[in-house]
């Protein structure tokens, strides 16, 4: 049996329901070592027959048998493998890929072999040497003559060491000298034991073959043997090829896509820039949201310990206060602190036994106090207990208050005493007084001389005048008042447990009555952070609209790229690349565009963020733009997803393109 055998090949084209037969029962056998020319006029079916032999045309009747095995033209994978392993394709228009140089065009076919990278490069150079183009390896197709381009196409066709080489009008666009050179090379290919099938309408070209088959009106009418086989090989070649092949690796798709992207960089750079601007805006708003949250947390943490909870005794309806206030002289009612319920030792112990609580610190506070320094009297909105939650860093002079000592507020007391020498107040003795109600609801004045231990500048801006708990107890006891605490500060182990502990405290009941009222700055902080997060998400979503525009840009660009590269798609399919390989080629390019956009967006965000932080730090004392690693990961993921989604439809169109029509594209 002949190496290649065609039996009953029929092919018709349809316009509507009307059939136009092109091939009308072709029977043909060809052996290895033969150089067969199929001679016929234009429109006679030569190229159609060539496409069937090459595995490009699947819609026909009849059988094609290669090396004793019938070709299943309905199975894509078998046809892809057949073209990859068996066929070397040469066309009239050369079909070189313009963004690849000569060497890279030859390597296209070798990328689907199992040769190592070095072996592939070495073989490509050897093939260029055989066709006389060893010194042209780095040139691009546009820098070569027609004859040189055709010789590159021949080298590429031989790259995978195929047993069959098909040439469709290989000299149709060449002058006489280049025609003679190309035919000499084809004769040598046949002499090396390969099968060469050349379709032509030129009698002069056909004369170079061993055998001429005359194709007339879709049928072989005549056969002419011009000379014996160019090769002594008369037996079929072994089934295994000298060079083993493989499907195109994924990294090769990315490499080819990168070369095209580099070749059309002026075009692609605009897409990268447009997409990067949208990603940059999203990243910048996210960084600004992070910074604002951090700034709020920083400011509040400087004022209050976020792990602390302030607990007061729960007042049911305030009736006691109203009754007691009614018995007070109206002249002094405005200066008297409201009557507060106190904590018993058992109640403090109940707070200590709660889950996640690591400490309970009692305290006493009084409002509308006066502080006398010499002959000067100053008003203090509140006199309270200094607790561990008050930041020591807020002390601008001195130290925290000890027994019979007081810490005075810098703004409301110390600087009013002396705007410039207020630090000299430390160590002086002052008189502290305030009015409150005793257990019978009668006004009592509490007064004591205390030594100034320090000057404090509260980060919150509120006036802070404080003594320690023992001093506050002593002052209350001396005035005949209860020395029990009026509030307690509860500390939790972890800030995240704050809200749970607050809820647990508020739910403590005795006899069905609520005992405590607890509140924490952490709860407020969480609420503020939620609002900031919502605002940031809204701004980022608005900025994200530009990403939709970027996705449309990528879709349009990829569709244009598919149309512009249609011939390249046909070339790659003729070399044996599958539909999946074509789809990956365009998807790879889109993914790289998305990745580059993310890199540029990250650089822009960091650059502008650094500039903004430089100026804003002077105002706020805090970096307000904070771009976290999670934001960068999110942006890269978003860019890749957008690029991938945008590439789906164009890549699918490219993969579904008919390779015959693609090769004929202009």
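Couple of notes before you dig in:
- Leading residue by the ranking (farthest from residue 577 (Cα to Cα)) among those in segment 99-135 that are touching a strand residue (DSSP E or B) at 6+ places or on another chain (Cβ under 9 Å) and not in a helix (DSSP H, G or I): 114
- Here residue 477 does not qualify as more than 22 Å from residue 290 (Cα to Cα) and either in contact (Cβ under 8 Å) with a residue 60 or more places away in the chain or under 52 Å from the mean Cα position of the chain (by Cα) (or both).
- Selection within segment 1-20 - farther than 13 Å from residue 59 by Cβ and part of a strand (DSSP E or B): 4, 5, 6, 7, 8, 15, 18, 20
- Some residue of segment 494-508 being farther than 19 Å from residue 347 by Cα, touching a residue at least 60 places away in the same chain (Cβ under 8 Å) and part of a loop (DSSP other than H, G, I, E, B): yes
- Which listed residue, of 234, 256, is modelled with pLDDT of 90 or more, closer than 30 Å to residue 109 by Cβ and out of contact with any strand residue (DSSP E or B) (no Cβ under 6 Å at 6 or more places or on another chain): 256
- Within segment 509-532, tally of residues that are outside any strand (DSSP E or B) and more than 44 Å from the chain's Cα centre (by Cα): 3
- Residue among 439, 414 that alone is over 23 Å from residue 402 (Cα atoms), assigned by the TED database to the domain that holds residue 381 and not in a strand (DSSP E or B): 439
- In segment 119-134, the residues that are surrounded by fewer than 16 Cβ atoms within 10 Å (Cβ to Cβ) and over 17 Å from residue 185 (Cα atoms): 119, 122
Each row is one residue, and each column tells you yes or no for (1) at pLDDT below 80; (2) part of a loop (DSSP other than H, G, I, E, B); (3) surrounded by fewer than 20 Cβ atoms within 10 Å (Cβ to Cβ); (4) in contact with a helix residue (DSSP H, G or I) (Cβ under 6 Å, 6 or more places away or on another chain).
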{"site": "293", "(1), (2), (3), (4)": "no, no, yes, yes"}
{"site": "300", "(1), (2), (3), (4)": "yes, no, yes, yes"}
{"site": "315", "(1), (2), (3), (4)": "yes, yes, yes, no"}
{"site": "332", "(1), (2), (3), (4)": "yes, no, yes, no"}
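- Strands (runs of 3 or more DSSP E) (entirely within segment 346-397) containing at least 2 residues that are touching a residue at least 24 places away in the same chain (Cβ under 8 Å) and more than 21 Å from residue 475 (Cα to Cα): 357-363
- Unique match (being assigned to a helix (DSSP H, G or I), closer than 18 Å to residue 559 by Cα and touching a residue at least 60 places away in the same chain (Cβ under 8 Å)) among 665, 647, 605, 639: 647
- Of all positions in segment 575-591, none carries a residue that is within 25 Å of the chain's Cα centre (by Cα) and either outside the structural domain of residue 278 (by the TED database) or within 30 Å of residue 299 (Cβ to Cβ) (or both).
- Among the residues of segment 410-446, the ones that are within 25 Å of residue 476 (Cα to Cα) and without any contact (Cβ under 8 Å) to a residue 24 or more places away in the chain come to 2 in all.
- Condition met for residue 166 (part of a strand (DSSP E or B), touching a strand residue (DSSP E or B) at 6+ places or on another chain (Cβ under 6 Å), in the same structural domain as residue 29 (by the TED database) and more than 27 Å from residue 142 (Cβ to Cβ)): no
- Annotation: residue 307 fulfils all but one of (1) touching a helix residue (DSSP H, G or I) at 6+ places or on another chain (Cβ under 6 Å); (2) at pLDDT 75 or above; (3) surrounded by fewer than 16 Cβ atoms within 10 Å (Cβ to Cβ); the unmet one is (3).
- Residues in segment 35-85 that are part of a loop (DSSP other than H, G, I, E, B) and in contact with a helix residue (DSSP H, G or I) (Cβ under 9 Å, 6 or more places away or on another chain): 40, 55, 56, 57, 58, 60, 71, 72, 73.
- With respect to being at pLDDT 90 or above and surrounded by fewer than 23 Cβ atoms within 10 Å (Cβ to Cβ), residue 142 fits the description.
- If you go through segment 1-23 and keep only what is more than 55 Å from the chain's Cα centre (by Cα) and surrounded by 15 or more Cβ atoms within 10 Å (Cβ to Cβ), you end up with just 2.
The values are calculated or read from the model by the stated rules, or taken from the named source; none is laboratory data. On a predicted model such as this, the values are computed, not experimentally measured, just so you know. A quick note on method: Cβ atoms are made from the backbone with ideal geometry, for glycine too, and the neighbour counts reach across all protein chains shown.
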